[in-house]
There are 2 protein chains.
Amino acid sequence: MMETGVSDSIASPFLTANTPGTMKWYGWGVDAGGFEAVGRPGLWPYAKAQLGLGESSPATLLPAPESIALPNRRVSPEIENALVAIVGEDGFSCGHRDRLLHAYGKSTRDVWRIRHGRVDYAPDAVAFPQSEEQIIAIVRAAGEYDVALVPFGGGTNVAGCLELAHTESRFVLAVNLRRYNRVLDIDAISGTVRAQSGILGPDLELALEPHGLTLGHFPDSFTYSTLGGWIATRSSGMLSDGYGNPEEMLLSLRMATPAGMIETRDVPHASNGVDPKRLCIGSEGALGIITEVTMSLRAAPIKREFRGYLFPDFASGIEAMRACMRGGAMPAMTRLNDIDKTHLTAAFRRASAPLEALVARLVKRYLRDVKKLDLKRACLLIAAFEGDAGAIRWQRRRTERLYKHYGGIGIGPAAGNAFAEGKFDFPYIRDFLIEHDVVVDVCESSTVWSNVVSLYDDAMTALRDALGAGGRRAWVGCHASHSYAAGTSLYFSFAFTALRDADGRIDPWAELAHHAAVKQAALNCFSRHRATLSHHHAVGTDHLPWLAAEAPVAGGTAVDTMKAVLDPQGIMNPGKLTTRSGDGRR
Amino acid sequence: MMETGVSDSIASPFLTANTPGTMKWYGWGVDAGGFEAVGRPGLWPYAKAQLGLGESSPATLLPAPESIALPNRRVSPEIENALVAIVGEDGFSCGHRDRLLHAYGKSTRDVWRIRHGRVDYAPDAVAFPQSEEQIIAIVRAAGEYDVALVPFGGGTNVAGCLELAHTESRFVLAVNLRRYNRVLDIDAISGTVRAQSGILGPDLELALEPHGLTLGHFPDSFTYSTLGGWIATRSSGMLSDGYGNPEEMLLSLRMATPAGMIETRDVPHASNGVDPKRLCIGSEGALGIITEVTMSLRAAPIKREFRGYLFPDFASGIEAMRACMRGGAMPAMTRLNDIDKTHLTAAFRRASAPLEALVARLVKRYLRDVKKLDLKRACLLIAAFEGDAGAIRWQRRRTERLYKHYGGIGIGPAAGNAFAEGKFDFPYIRDFLIEHDVVVDVCESSTVWSNVVSLYDDAMTALRDALGAGGRRAWVGCHASHSYAAGTSLYFSFAFTALRDADGRIDPWAELAHHAAVKQAALNCFSRHRATLSHHHAVGTDHLPWLAAEAPVAGGTAVDTMKAVLDPQGIMNPGKLTTRSGDGRR
């Protein structure tokens, strides 16, 4: 068996020019760099004030990847030969780096542990199938040889979906779908695309562009996440207000389960009993591997405009968002920052050109003196309008009328464009801070409009209380986005600076425990409010303790009801979405 | 045990003033009448030309309900006492009329059989629970005593959901939910309503009206169907283009299964694994009884305008509908009639006032002479616009620009209003024709835009071929409605006149067999086109033979995967949504 497989090099020959390879083992993205602090004059002053961090803060050095100890690899020539027979020598690896690359997803916990040299789980091998036939054969072989399978899309998950939380006695195979990434068919009349589940966001959109079509799904992970992953985790993207979520865009799919295929037809709506698509959506690899996916598309807009608005406070911004949803004036995106996130946004701006700075000063004076807006307390809302010029004008007019009613004041496209440009940067910024021993993470929920402000207040208090334990310097902020007729999501970002001993050293595991306590405080708060454990980050291992209380299905979970038939051996992503102990066997 | 229960009288004291009682045993609605042929001068000439039917056509006499033989009733004092202990004497009946009223739904097959005195199935008793506790207790008792349960909402189903197709050896209890019909909570801030599943459409909308809110779900069955039934069957309403379908409006629910409760929270979107709501949506009573339901609402529109448009042919109308969906100009409703349905619509119009007749003549001349529209081949499209005056203007302008591009010509609100007024009349017209020995029925499907015209052509041919067998006079027409980004539904209506022997008598069972052959031809055609067995009428017993091929789940159906855990005894609506033979036990 070869010790080095296809993914040992970062840029894989199997990927198209537009497809980045597997991300680097120690954080987000493929490059060594990612985020540049220079050119953002507000950054260090803000970080110093909030987190006690300065330009002189030391950056932790990375261990050499070869030096990181992985859990012992189970060796089984029989299983390995069977898998090589399916995917070929070049589609199989049990090399150290491949095991390392498939050990975790990209959560803060994952990145923190791996940067500090700790890997609690690693698959025994990785397979890179290239066809549905190979995927089906892998699932069948796994049943035959009692192999546990962990489907692996872009590897971007931040909830522990890719890690086995329990010690597994069986051979564990990560099934990396990045070579299973072709567009199979575009039906330009119907506005649909059929593709293999391993396709990445940019590849899919690039294939649609010549047809004037778009999927319109732009999660933060867009560059590195896969179509299948979006379905399996119930993802949501930046423009979900306008385009809906992938689960609504999904027209049909095929999923290989240990018991056989789930297969649906390309029908826009059916009254054909319990919808089999819905057994696959959100299944997080625990029932099977999604193979072919057909998505319903939209016309690519002629234009998209991001604009900024300031509201006197968070609650009035929420009221404005609610009024828009109720009044049918919803932009394709609305994102309301609370005070702290508004200040953070300002601090992260790139250096202004002199003219821009002048305009900003004049606008500030106008807002303060004429509009009587308290800029220290104002909350920034970013809205996106799209379509042709007439549609944008119409949407803006209706939206701004409602914004105005709730005290919102337009500050033009600059703030909007700054947001749009930095949209996919957050994970890089997180890694940059982690490098400086600041633990940065997020947690998000959703609730009905009447409970939004109350949930916001309580969760902020819970987070602040938890963050400050031990005297750590901390920051927390929130934005509301992803709105629906009945409510919206709240997305909390938090950061705390690791404590240092007299020698200036940190205890990474004490900080990780603190991080877990903070997340637990937030999740408990969500649960008390009967809000959800996650709006779009999945359950994984991190949120599993809250699942059964949130959505009890006859004393278990939804997946519990199906696992006995679809995965009787419990080989699919063991321990996920199930309340049964151990490996998910029944 | 009393032989007469609550539902022996048509107008039940348990229902609110706004709630019609259980429908009459021999057809749609509660009244003896329902449809008036007088005042529609075009009706008889059209019926005569198409179906050989005239004003002198005899109407079949109804049997006395008491004379209709029901299958022998299983008697079990033990079970009956247990049920009375739960729902009280006044909530339980095993009387002849109650058994008759719960024997069937309201499909053509159902109405035809019962009018000809044939009842193949009847429950042994009917329970009328009034609370969730009673429903849970019924499900529990059913498990204990091995009783088969058939949930019964409004009794409007047209796919055989309410009839057991196989002989059942166990005691069978229909669970009528019409006393379980209260609004529990309206959250006017969030725009949500929580109600008991047995509430009827009008009661729900009336409760929302003072809050300026609407659910916006208006199926043909609106007056008599229930909230729980809409969810359990994946229903769709007239305005689904604008409001979506109930499955999208559903915020949360509770369902009592034999294994315990399924319960979800009021969250607008969650990434919490496989969505438990989705196990209940479309479950057609085969997994449990839906109890409390929370729906997401919309602002009631200030105004709703129905307007008519004529297109040169069906295909150009379809293109216009597609362009609207793609171009984001979708009215709240679009309904495109084919040629035959356009003529039918014209024939069913009420007598015009003299002035209206003059205008119609002038419009016709204009269309023919100026617009060069072939009125014999023109297809009528009805569109609904709603909102405030500005929104309607905006929607109309964008829509009509696209209509014009595909040859559509506006003919004003008269045709639209005629449609809106007659919207809920179809089942009465069907019954009126059945009374005259004309078998009238519908079947509907959905497919992607690129396949719509092809499916239309093939299904029309299949229906015409099947209808004409035996030399019967027949009519068939179609409309497209319920559009989505990727496609639309096609709704076929057909009618054939029963053959008469030399004595002028019909053989009702030969006609029923002919009817079955016609439906089978349509369903086979849908299946060949990989379209769905039903867009919004459910699977029931009538469409079950096509289910496993349409949506195979590891060789079975979606419900098969859950039944073993949620309903291991197979007591819930046996034989539904499952490919397992017999009573659905495993």
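Annotations for the structure displayed:
- Label-to-label distances for residue A:118 across copies, nearest first, come out at 7.4 nm, using points 7 Å from Cα in the beta-carbon direction.
- Dipole axis of chain B (+1 Lys, Arg; -1 Asp, Glu on Cβ), positive-most option in B:517, B:289, B:308: B:308
- Computed over all pairs of different Cα atoms, the Kirkwood value for the hydrodynamic radius of chain B is 24.8 Å.
- Here is how the number arises for chain A: DSSP H runs of 4 or more residues each give -39500 (n - 2.57), the sum is divided by the residue count, and the result at 222 nm is -10000 deg cm²/dmol.
- Across the identical copies, the label point of residue B:66 (7 Å from Cα in the Cβ direction) is separated from its matches by 9.8 nm, in order from shortest.
- Average partner coverage of B:387-395, which counts Cβ from other chains inside 10 Å: 2
- In order along the stretch A:127-143, the phi-based Karplus estimate (6.51 cos²θ - 1.76 cosθ + 1.60, θ = phi - 60°) of 3J(HN,Hα) comes to 10, 10, x, 10, 8, 4, 4, 5, 5, 4, 5, 5, 4, 5, 4, 4, x Hz; Gly and Pro are listed as x.
- Amide H contacts for residue A:251 (H built 1.01 Å from N in the peptide plane; partners 5 or more residues away or on another chain; cut-off under 5 Å): A:294, A:295, A:296.
- Cβ crowding within 10 Å, taken as a proxy for footprinting-reagent exposure, orders B:401, B:365 from fewest neighbours to most as B:365, B:401.
- Rounded to the nearest 20, the Cβ-based charge dipole of the protein assembly as shown about its Cα centre (Lys and Arg +1, Asp and Glu -1) stands at 3580 debye.
- If you wrap the Cα atoms of the stretch B:303-423 in a convex hull and average its projected area over all directions, you get 7.2 nm².
- The C-alpha atoms of the stretch B:183-299 occupy a region whose extents along the principal axes are 39, 29, 27 Å, arranged from largest to smallest.
- Amide H contacts of residue A:237 (H built 1.01 Å from N, under 5 Å, at least 5 apart or other chain): A:218
- Dipole of the stretch B:303-423 [Lys/Arg +1, Asp/Glu -1 at C-beta], most positive-end residue of B:348, B:382, B:329: B:329
- Remark: mean inter-chain Cβ contacts per residue of B:281-287 equal 3, using a 10 Å Cβ-Cβ cutoff to other protein chain atoms.
- Mean shadow area of the stretch B:457-536 over all directions, Cα convex hull, nm²: 5.7 nm²
- The stretch A:303-425 - percent relative contact order, Cα under 8 Å, separation 6 or more: 53 percent
- Legend: mean number of C-beta atoms from other chains within 10 angstrom of residue C-beta atoms, peptide A:527-538, equals 4.
- Euclidean distance of C-alpha centroids, the stretch A:413-463 and the stretch A:527-562, integer Å: 22 Å
- For the protein assembly as shown, the mean projected area of the C-alpha convex hull, equal to one quarter of the hull surface, is 46.9 nm².
- Separation between Cα centres of the stretch B:157-233 and the stretch A:219-233, rounded to whole Å: 37 Å
- Calculated label separations, residue B:210, copies of the chain, 7 Å along the beta-carbon direction, nm: 6.1
- For the stretch B:255-342, diffusion coefficient by Stokes-Einstein and Kirkwood Rh (Cα), 10 °C, 1.306 mPa s, µm²/s: 91 µm²/s
- Crossing angle, helix B:354-369 versus chain B [Cα axis fit, 0-90 degrees, rounded to tens]: 60 degrees
- Within straight-line cross-link reach of residue B:24, lysines at Cα separation under 18 Å, skipping those fewer than 8 residues along the same chain: B:106
- Hydrodynamic radius by Kirkwood, which averages 1/r over all alpha carbon pairs of the stretch A:236-292, in angstrom: 12.3 Å
- Relative contact order, percent, the stretch B:183-299 [alpha-carbon distance under 8 Å, six or more residues apart]: 32 percent
- C-alpha center-to-center spacing [the stretch A:373-409, the stretch A:477-504] in angstrom: 25 Å
- Among B:421, A:66, B:550, the order by Cβ neighbours within 10 angstrom, fewest to most, reads A:66, B:421, B:550.
- Packing, taken as the mean count of other beta carbons within 10 Å per residue, orders the peptides B:478-490, A:117-129 from highest to lowest as B:478-490, A:117-129.
- Given charges at beta-carbon only (K, R positive; D, E negative), |dipole| of the stretch A:161-230 in Debye: 280 debye
- Positive-end residue, chain A charge dipole about Cα centroid, Cβ charges, pick of A:279, A:462, A:91: A:462
- The alpha carbon radius of gyration of the stretch A:474-586, expressed as a multiple of 2.2 N^0.38 Å, is 1.35.
- When both bridge partners sit in the protein assembly as shown, DSSP labels roughly 90% of those beta bridges antiparallel.
- Working note: Karplus 6.51/-1.76/1.60 with θ = phi - 60° gives the stretch A:404-409 the couplings 4, 4, 9, x, x, 10 Hz, where Gly and Pro are set to x.
- Charge dipole (Cα centre; +1 on Lys/Arg Cβ, -1 on Asp/Glu Cβ; no other charges) of chain B amounts to roughly 2340 debye.
- For residue B:488, distant residues with modelled amide H under 5 Å away: B:447, B:449
- Nearest beta-carbon to the A/B symmetry axis - residue in chain A, distance in Å: A:278, 2
- With neighbours defined as other Cβ atoms within 10 Å of a residue's Cβ, the residues B:199, B:290 order from fewest to most as B:199, B:290.
- Under the Karplus curve 6.51 cos²θ - 1.76 cosθ + 1.60, θ = phi - 60°, whole-Hz ³J(HN,Hα) for the stretch A:384-401, x wherever Gly or Pro sits: 10, 10, 8, x, 7, 4, x, 5, 5, 4, 4, 4, 4, 4, 5, 5, 5, 4
- The DSSP beta bridges internal to chain A are antiparallel in roughly 85% of cases.
- Unsatisfied cross-links (Cα-Cα over 19 Å) in the set A:48/A:423; B:519/B:563; A:277/B:563; A:277/A:563: A:48/A:423; B:519/B:563
Rule-based calculations on the coordinates, nothing more; no lab input. Keep in mind it's a predicted model, so treat the numbers as computed, not measured. Every residue, glycine as well, gets a Cβ built from its backbone with ideal geometry; the counts of neighbours run over all protein chains shown.
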